[in-house]
Number of protein chains: 2
Amino acid sequence: MALRLIIDMDGVIADIYAQYARFEASESGIKRSCEDLKGKSESEVFRNLREYLFTRGFFRDAPVIPGSIPALKELNAQYDLFVVSSATEFPQSLQEKYDWLQEHFPFLSWKQMVFCGSKAIIHGDIMIDDHFKNLDSFSGRTILFTQPHNDGLPEKNHVRVHSWQEVLDLLV
Amino acid sequence: MALRLIIDMDGVIADIYAQYARFEASESGIKRSCEDLKGKSESEVFRNLREYLFTRGFFRDAPVIPGSIPALKELNAQYDLFVVSSATEFPQSLQEKYDWLQEHFPFLSWKQMVFCGSKAIIHGDIMIDDHFKNLDSFSGRTILFTQPHNDGLPEKNHVRVHSWQEVLDLLV
């Protein structure tokens, strides 16, 4: 039986940082450099973050993280793949995240989508996520996807990757 | 640590059969008796079922299964409780199910909600569900909530309950 692979959405296949930066720039004209973001939590850097997260279109229009579409296509052929996304905190995101997946990852079925609050309830063999809180409570193999907020922080017992190519190098 | 209790939505806290019957009656005038429904799958009985499931308001206006509100309130104080619902097949249901839970079960937080396609990915200690497909693949203790489609069928290795009072008698 294929191993079950759990893939996060925001910060792993959806470029939520690009959205934060875009929303902030259009609101205040601020332009962030990578150095501004490194190792700091999202809410520390983007002051109106919670407002953006509740704005219609925020999740729907997020850019796709480079390389994630061909990578998921490949992994989907080999693994029992699920996209598991924290969404219930921002209820307007539920439909937007579904529509976004339909648009960019049409090869995934509704059976492979999970929208939740806490990921502690999720069971699988491998998890790819950018947040320690999700990886730390997972019982299987854990892969930390580099995003500005975790950049430079110790990986703990997780394997860090910087790109989807690195994920493929590990898993295919 | 509290045991993790996984509770299904449709047919366990949301009276989806009442909705099927209501939609069918308003469409065709057919009135179902309990005998028409017993031991038959929903799609066998309600011919336009899939159309209803995709209709806006179908999930939002579902009645609450009697006794479920006080029961969940009580169980929520004692267990690590999650409501896990198959929803991604009918994407319009995502926001409706969230709103329904907010209205009828306001004591549950967004952290306790999971909207998915397959429940095979869900890990917990106890599951209450009306469908064998969900209970059969669950590794913990399983409770079959009686609904017309499972009525009279063998319980297999699950414990059958007919009401929320019976759930409380088992778990509190």
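Distances over 15 Å make up what percent of all Cα-Cα pairs in the range B:22-83? Walk me through the numbers on the way to the answer.
Working: 1258 of 1891 pairs.
Distances greater than 15 Å cover 67 percent of the Cα pairs.
Under a Cβ-Cβ cut-off of 14 Å, what is the net charge of the residues other than A:THR88 that fall near it, where Lys and Arg count +1 and Asp and Glu count -1? The partial results should precede the final answer.
Working: positive: A:LYS97, A:LYS119, B:LYS97, B:LYS111; negative: A:ASP10, A:GLU89, A:GLU96, B:GLU96, B:ASP99.
Spelling it out: positives minus negatives among the neighbours equals -1.
List the residues of the range B:49-93 for which accessible area in the full set of protein chains is at least 50 Å² lower than for the chain on its own; 1.4 Å probe, protein heavy atoms only.
B:THR88, B:GLU89, B:PRO91
Charges only on Cβ, +1 for Lys and Arg, -1 for Asp and Glu: so what's the dipole of the range A:116-172 about the Cα centre, in debye to the nearest 20? Mind dumping the intermediate values first?
On the way: 5 positive and 8 negative charges, 38 e Å.
In total the dipole reaches around 180 debye.
Can you list the distances in nanometres, one decimal and ascending, from the A:GLU155 label point to the identical position in each other copy, with the point 7 Å along Cα to Cβ?
Spacings between copies for this position, smallest first, are 4.9 nm.
State the Kirkwood hydrodynamic radius of the range A:21-172 in Å, one decimal place, computed from all pairs of distinct Cα atoms.
Evaluated over the range A:21-172, this radius sits at 16.8 Å.
The range B:98-160 to the range B:10-86: how many Å between their Cα centroids?
With the range B:98-160 and the range B:10-86 each reduced to a Cα centre, they are spaced 13 Å.
Given a 1.4 Å probe and no ligands, DNA or RNA in the count, how much accessible surface is buried by A and B, both sides, to the nearest 100 Å²?
Details: alone 8580 and 8600 Å², together 15110 Å².
Buried surface at the A/B interface: approximately 2100 Å².
Would you mind estimating how fast the protein assembly as shown diffuses translationally, via Stokes-Einstein at 4 °C and 1.567 mPa s with the Kirkwood radius over Cα pairs, in µm²/s?
On the way: Rh = 21.5 Å.
My calculation gives 60 µm²/s for D.
Between copies, how far does the label point of A:GLU74 sit from its twins, in nm, shortest first, when each point is 7 Å from Cα along Cα→Cβ?
5.5
First check a/c for the range B:127-171, with a ≥ b ≥ c the square roots of the eigenvalues of its C-alpha gyration tensor; if it is under 1.5, answer rounded, and if not, answer prolate when a/b is larger than b/c or oblate otherwise. Walk me through the numbers before you get to the answer.
Values: a/c = 1.91, a/b = 1.10, b/c = 1.73.
The shape class here is oblate.
What is the dipole size for the range B:1-48, taken about its Cα centre, with +1 at each Lys and Arg Cβ and -1 at each Asp and Glu Cβ, in debye to the nearest 20? Could the numbers behind the result be given before it?
On the way: 7 positive and 9 negative charges, 13 e Å.
Charge dipole, the range B:1-48, about its Cα centre: 60 debye, nearest 20.
Shape verdict for the range A:1-55, please, from the Cα gyration tensor: rounded (a/c under 1.5), prolate (a/b greater than b/c) or oblate.
Since a/c reaches 1.5 and a/b is larger than b/c, the shape of the range A:1-55 is classed as prolate.
Percent of accessible area on the protein assembly as shown owned by carbon and sulfur, 1.4 Å probe?
Values: 7630 of 15110 Å².
The computed percentage sits at 50.
So what's the net charge close to B:GLN147: Lys and Arg +1, Asp and Glu -1, counting the other residues with Cβ under 12 Å from its Cβ?
-4
Roughly what would the spin-label model give for B:ARG47 and B:LYS156, points 7 Å off Cα along C-beta, in nm?
Between B:ARG47 and B:LYS156, the label points sit 3.1 nm apart.
For B:ARG4, what residues show an amide H to amide H distance below 5 Å, using hydrogens built from the backbone and excluding near sequence neighbours?
Close amide H contacts, sequence-distant or interchain: B:ASP80, B:ASP125, B:ILE126.
Compute, for the protein assembly as shown, the length of the dipole vector about the Cα centre, with Cβ point charges of +1 (Lys, Arg) and -1 (Asp, Glu) only. Units Debye, rounded to 20.
On the way: 36 positive and 50 negative charges, 11 e Å.
Charge dipole, the protein assembly as shown, about its Cα centre: 60 debye, nearest 20.
If the label for A:HIS123 sits 7 angstrom from Cα along the Cα-to-Cβ line, what are its distances to the same label in every other copy, in nm to one decimal, shortest first?
Those label-point separations list as 0.8 nm.
Label the range B:1-110 by shape, choosing from rounded, prolate and oblate, from the square roots a ≥ b ≥ c of the eigenvalues of the Cα gyration tensor; if a/c is under 1.5 it is rounded, and otherwise prolate applies when a/b is larger than b/c, oblate when it is not. Please report the intermediate quantities before stating the final value.
Numbers: a/c = 2.27, a/b = 1.78, b/c = 1.28.
It comes out prolate by the Cα gyration axes.
With every protein chain present, what is the per residue accessible area of the protein assembly as shown (1.4 Å probe, Å²)? All intermediate terms of the calculation are to be shown ahead of the outcome.
Numbers: 15110 Å² over 344 residues.
With the other protein chains kept in place, the protein assembly as shown gives 44 Å² per residue.
Pairs to check: B:LYS31/B:LYS97; A:LYS111/B:LYS97; B:LYS97/B:LYS119; B:LYS38/B:LYS156. Give those whose C-alpha atoms are more than 20 Å from each other in this structure. Intermediate values should be presented prior to the final figure.
Details: B:LYS31/B:LYS97 26 Å; A:LYS111/B:LYS97 17 Å; B:LYS97/B:LYS119 16 Å; B:LYS38/B:LYS156 17 Å.
Violating the 20 Å limit, Cα to Cα: B:LYS31/B:LYS97.
Along the positive direction of the dipole of the range A:43-172 (beta-carbon charges: Lys, Arg +1; Asp, Glu -1; about the Cα centre), which of A:VAL167, A:PHE105, A:LEU49 reaches farthest?
A:LEU49
Do any residues of the range A:96-132 show a loss of at least 20 square angstrom of accessible area between the isolated chain and the full protein assembly, using a 1.4 Å probe, and if so which?
A:TYR98, A:TRP110, A:LYS111, A:MET113, A:VAL114, A:PHE115, A:GLY117, A:SER118, A:ALA120, A:ILE121, A:ILE122, A:HIS123
The values are calculated or read from the model by the stated rules, or taken from the named source; none is laboratory data. Bear in mind that the values here come from a model prediction, so they are computed numbers and not experimental data. Counting neighbours? That spans all protein chains shown, and the Cβs are built from the backbone with ideal geometry, glycine included. Side chains are part of the model used for accessible areas, which takes the heavy atoms of the whole protein and leaves out ligands, DNA and RNA. Shrake-Rupley method; radii C 1.70, N 1.55, O 1.52, S 1.80 Å.
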